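Down below is the structure, laid out as structure tokens.
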Amino acid sequence: MDTENLQRYLDSFGKQVVNRAKGNLQKAKGGKTKLEQTIRFEIVETADGFTVQFYMADYGVFVDKGVSGIKVKRTFTDTKGNRVATPFQFGSGTGPKGGLRRGLDKWIIKKGIAPRDKEGKFISRKSIKFLIARSIFRKGIQGLSFFQKPLMLGLKEFGKEMLGAVKVDIINELKTAK
């Protein structure tokens, strides 16, 4: 069967979800980020038909769904529009110890964070990293739902149009089978 219209529909769906996700990330994070550059999709033919697969850097799911801290539980908006608790929590993984502090070092330099103590002396970067990491570990990271929301909108909008694309492909197949 000719599936040209269905593939065109799926391509349009994938592009729209990716573009909206990148736009949401730009608004939330201000400008182009490394994560934004990794967001993409592919249309894959399977035994049952076609599927649209989305890809991004591994840490993107943590930014999208958030991470609960040891004191504060975090949530995100799922593809059905419901607020749900994130499945991720600091202290429950098997990652390297101190990974959060290592990642903060470059961020602190990039942001130019250099607070002073009561006497006007600069606080060491090691102390700043410790304080910020402790706060994040306790409070967690709120999910942005930068990907979940566009996926939800895409499923709502394109779900109605998909039957039309399949219908056109079937009609075209019937015309060529005569």
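Here, each number is a calculation from the coordinates, and none is a lab measurement. These numbers were taken from a predicted model, which means no experiment stands behind them. No Cβ is skipped: glycine too gets one built from the backbone with ideal geometry, and neighbour counts run over all protein chains shown.
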*Relative contact order computed over segment 41-157 (Cα-Cα under 8 Å; 6+ residues apart), in percent*: 36
_Per-residue HN-Hα couplings for segment 153-158 [Karplus 6.51, -1.76, 1.60; θ = phi - 60°; Hz; x = Gly/Pro]_ = 4, x, 5, 5, 5, 7
*What list do you get for Ser12, Ser145, Ser92 if you sort them by fewest beta carbons within 10 Å?*
Ser92, Ser12, Ser145
*Quick one: of Lys15/Lys110; Lys73/Lys156; Lys32/Lys149; Lys34/Lys80; Lys27/Lys65; Lys22/Lys65, which pairs are farther than 21 Å apart, Cα to Cα?*
Lys15/Lys110; Lys73/Lys156; Lys34/Lys80
